[in-house]
1. What is the distance, in nm, between label points placed 7 Å from the Cα along the Cα-to-Cβ direction at A:Ile176 and at A:Leu32?
2. Filter the cross-link list B:Lys141/B:Lys606; B:Lys93/B:Lys365; A:Lys42/B:Lys514; A:Lys42/B:Lys554; B:Lys85/B:Lys230 down to pairs whose alpha-carbon distance in this structure exceeds 26 Å.
3. How high is the FRET efficiency between B:Thr593 and B:Ala392 when r is their beta carbon distance and R₀ equals 51 Å, given to the nearest 0.05?
4. According to a simple spin-label model (label point 7 Å from Cα along Cα-to-Cβ), what is the distance in nm between B:Leu259 and A:Thr90?
5. With unit charges on the beta carbons (Lys and Arg positive, Asp and Glu negative) and the dipole taken about the Cα centre of region B:414-549, which residue among B:Leu434, B:Phe534, B:Pro447 sits farthest to the positive side?
6. With the contact rule set at Cα under 8 Å and sequence spacing of 6 or more, what percent relative contact order holds for region A:111-253?
7. Work out how much length B:Ala521 to B:Ser34 would gain on full extension: take 0.36 nm times their residue separation and subtract the Cα-Cα distance, in nm to one decimal.
8. Work out the mean other chain Cβ neighbour count within 10 Å for the residues of B:215-223 and drop it here as an integer.
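Read-outs throughout are calculated quantities, based only on the coordinates presented, and are distinct from any laboratory measurement. Keep in mind the model is a prediction, meaning the values are calculated, not measured. Neighbour counts are summed over all protein chains in view; Cβ atoms, including those assigned to glycine, are modelled from backbone coordinates with ideal geometry.
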Amino acid sequence: MIRYVLKRFLQSMITLFIVVSMVFLLMRLLPLEGYFGDGYDKLSAVQKTAALERMGLLDPWYSQLGHFYLKLARGDLGTSIIYRRDVPVTEVIAPRIPYSMYFGITATLMALVLGLTLGVFMARKKGKTLDRAGTAYIVLINAVPSAVYLLFIQLYGTSLFNLPILFDRYRVKSWILPAISLSLGGVAGYAMWIRRYMVDELNKDYIKLARAKGLPEKLIMIRHVMRNAFVPMAQYLPAAILSTISGSIYIESLYSIPGMGGLLVDVIQRQDNPMVQALVLIFSSVGIIGLFLGDILMAIFDPRIKLVKGEGAR
Amino acid sequence: MKRSLFFCLATVLLFSAAIAGAAPKSEDFYSVYSGELTTLNYLVVAAENEHSVIANVIDGLVEYDKYGVLVPSLATDWSNSADGKTWTFTLRKGVKWVDTKGKDYAEVVAQDWVDAAKYLFDKKNASLTANIAYAVIKNAKPYFEGKLTDFSQVGVKALDKYTLQYTLEKPVPYFLSMLTYVCFLPVNGDFLAKAGARFGTDNKNILYNGAYIVDNFEPQVGRRLVRNDKYWDKDHVYIKRLNYKYNKEASTLGPELFLRGEISSVAIPSSLIDSWMKDSAKKAIVRPAETSSYTYFYAFNFNPNFEAQYEPDNWKVVVNNKNFREALFHALDRRAAMMTAEPYAPERRLQNTITPRNFVNAGGKDYVDMADLAKFAKTDSFSKALALDFKAKAMAELAGKAKFPVKVMMPYNAGSTDWTNRAQVVEQQLENLLGKDFIDILPVSFPATNFLGATRRKGNYALQECNWGPDYADPETYTDPFVTGSNYNWPEKAAGYAQANGKTTYENMVDAAKAEVVNIAKRYDLFAKAEAYFIGEAFVIPYAIGGGGFEASKLEPFSYPFAPFGMSYLKFKGQTVMQRPLSTEAYNKLKDTWESEREEALKKSKF
């Protein structure tokens, strides 16, 4: 197991290095005018050079990359150059993470509870009214662009239930609708997949045997069907929770939640290289850790799954 | 049961009261915004987003009043030397620098302008407005470029505690107007040194001498500006608190927030204006929004650098034919194009000159009414008869030299719905009028990111909608896009305009106007002639001014500083928040009154 962990760690470091370095270099390929916004035309050549020099963009690319990794080794993610000029990147990012994680985790938990419950009932009542109603909900959520129904919920939901239209951390009521809105897609997703996996399991021979042996249906569903159906979903659960750090672009925009959603897009558009690099590093790390934990979780749920080949891995 | 019901009712009432309490009162202004500030370091920024705060927290030597007349601010008096190069300002005594809590830090003194200039001209600080100041101040440019290392030779000096002197490279008639811009604002040198790289990174890392203080600043959450009770002119600051909430979708949610009473002012997007105008209750609270001094024009490119499929060589031949340009000049139905952005009252934004009306005037006479420019100012360029007449002449002259129909590559910004619609309208309108045997307009979409870099700046267009904003209050600023070295449309490459000294006719006319630094009326007259010539040769098609549209607002109009450029118009000094928004009728009545009062004020103005 230790060997497995070390091996995964090494692979992760190599992956991170490649991803971060590629993004670093790609950002340097962007046009220089993007660093100056609309005022580019009015600047003199000396001003442009001075600004680029200040941003460290006139050094050779390998020199810039070297400086970046040296600073990273010291735990320094750099200073924002455009988005929040001269403010350390950690100072920009740190206050935003809790908001995204709070809403993300709440929404994920709500989606898990409601989605799994709905999916289980849909599988048990396959073909009946509840199954059809659940399917209609899933289709609606997947077919209608989220930008449409989320805005609709915000405008009419806040009016109908007398809730604030914008998020305010001091007003408890303003936390409700964003969390619910964020969970809607997850409910549909979890319901759809657990229903599918459960229906697959219900058709397997071991379930027929269990029924033939006279086991109660409830016991079959909980101890066998659900548990086996949940295994493929468990793999993505840690990643889903950890990825809440990246926030939801649209929900956070709509409700003015000062989270991480949209931050990466913003800083890429503004060509704030230190911010882009730091965010890519964070999100990549989160993704890698999530996948690793997912594998561990799968192995816990299904003892047949071995993480290391020598132990008869699947 | 009764107890729980009572509790529920009480909770509902409490929350209702809290929400009702959030509705704007006359001492508070509420707004939402979608563009967060990048910094409060006013010595480096050039964008209006940051200026909207800076204009209210830092005062300069002079300011504009509500009629657009320059009046004293932190300078009470000034004089100009006989040669026009030396300006000496007497400062107002007792003005305080305060911190974010309103606590005194120091007195505002002449040295503050010297310290600000030293910071501005240190190129390590990468100020984006340094060029505006070093273009006029003696030795500032060589200092910035590193050719001069002794700052004492730069033309900014504190003669004593309350006397500041600027020495210019040459006389600059519009120098006073430049002083309202960020690059001429003061800074407390001691505080600046202590703050170091953190200067302006948040509201605690700057000092304030203006009408407001930023007492709360949370990026991506909101900010609040409160009235500075130590402000030298606080009797004219009526709104006590300016409350801003961040929201990325501010343009979408703003109208709804206004209707709920949660914000005091909102611009009505063009996508909603129709539904608002059809609703009598909403129509009654809508009024025109003010236009700006940004100028829009369609530029003909004399330095084509686009893909072979759009036939740049053919374009180069036809664009050098004046009749061809005149055909398009008169064929463009600008009103139809403007309706994509301003479906109601499109004429408000149309303009027939490059320099907008109300930008500058000499002795009460507006610049656009001077010299030959006056006839363009009064005449709509759109004329079907003239367009077809020039078309016939162009085709006759270009027969055998150019291929028809001429491909006209016309980029547009796909990130703008209005511009996307306008590109289609212009294409159909021009082709229908001039005929597809003459031109083939090809709208080509480009993404919003780096749009100008991909199109105009590298000559990747044949005809393109462009814009320009003024840097100072003088017609010279509107010549900057069209002189050699600019990257707008390269008129210096147009065939047949070179004169003996190697410059074009237009550039020689502009140089002659620039050389006139004493007689302002004559200076403006010369610029007007140059601009009239430029338009008469159809190097561009003047189109519109910026701003405009409609808004719903409780802010009293015409009570804040009016300025043709810079940041004065962003000030809240003098403004009040009314109980109810104005209708268009009430607004127009106020505007008529303001315009006649402004005319009188400009005539009496000394500056």
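1. 5.6
2. B:Lys141/B:Lys606; B:Lys93/B:Lys365; A:Lys42/B:Lys554; B:Lys85/B:Lys230
3. That pair, B:Thr593 with B:Ala392, gives E of 0.55.
4. Going from the A:Thr90 label point to the B:Leu259 one covers 4.7 nm.
5. Positive-end residue among those listed: B:Pro447.
6. Relative CO of region A:111-253 lands at 32 percent.
7. 171.1 nm
8. Mean number of neighbouring Cβ atoms from other chains: 4.
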